[in-house]
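Scroll down for the structure; my scribbles are underneath it.
The values are calculated or read from the model by the stated rules, or taken from the named source; none is laboratory data. The structure displayed is predicted, hence computed values, not measured ones. Quick reminder, even Gly has a Cβ in these numbers, built from the backbone with ideal geometry, and neighbours come from all protein chains shown. Heads up: the accessible areas ignore ligands, DNA and RNA and are worked out on the full protein's heavy atoms, side chains in. Shrake-Rupley method; radii C 1.70, N 1.55, O 1.52, S 1.80 Å.
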Amino acid sequence: MLRTPVPAAELDALGVVTAYKNLKYVERDFRSIKADDLDLRPVFHRLEERVRAHVLICMLACYLTWHTRRAWAPLTFTDENRQSRTTPSPRPAAPPAAQAKASDQHDPDGQPYRSFRGLLEHLATLTRNQVRFTGTQVTVPMLTEPTSAQRQAFQLIGTAIPLTLK
C-alpha cells in the first residue's frame with residue numbers, strides 16, 4: 001500500500017505507483033553523480049549557503065545525466081520506444097525492437113551497443129596529446145582520431161568534438 005498527501009484529482013493510483021517505481025532512477029542517478037561517473041564526493045559544508053550550492057550542483061549534474069542518457073539512447077541498450085504503462089502490474093514483455101537490440105548487441109552498422117557507463121568510458125579514450133618531435137622544443141597538440149561511436153555521441157548532444165581547449 002502506498003500513501004501520498006497529493007489529492008487523487010492531481011495524481012491517480014497509477015501515477016502514485018509509477019512515481020514510486022521511478023524512484024529507482026533517482027537512486028541510480030544519485031549513485032552515478034556521487035560515486036560512479038561524475039565522482040561528486042561528499043563535501044562537508046558548515047554554511048547553509050554552501051550546502052545549498054552543493055545540492056544545486058548535484059541536481060544540475062543529475063539533470064545533465066538524464067539528458068545525456070536520453071540523447072545517447074541510440075548508442076546504448078536503452079529502449080528508445082518505451083511505452084507508458086497503463087497498469088501498475090508487473091512489467092510486460094519488452095517490445096520486439098527492444099528485445100532485438102538486447103539480443104543482437106550491435107546496431108545496423110555493426111557498432112556495439114554499450115551501457116551508459118561503457119559509453120562514457122569509450123568517450124574517455126578520446127584524448128589530446130602534446131607531441132614533441134625528436135631534436136626540437138616545439139610541441140604540437142594532436143587529438144586522437146575519434147571512432148564513429150564517439151562522433152555520433154557528440155552529434156546526438158548537438159555539439160562538435162572540441163579540437164582546442166579554451
key: Under-5 Å amide H pairs with Arg114, H placed in peptide plane, nonlocal only   = Thr76, Phe77
message = Using only the heavy atoms of the protein chains and a 1.4 Å probe, how would His67, His122 rank by accessible area, largest first?
response = His67, His122
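Go through segment 110-166 and name the chymotrypsin sites (Phe, Trp or Tyr not before Pro) that are in a DSSP coil and have 10 or fewer other Cβ atoms within 10 Å of their Cβ.
In loop regions of segment 110-166 (DSSP not H, G, I, E or B), the sparsely surrounded chymotrypsin sites (Phe, Trp or Tyr not before Pro) are Phe133.
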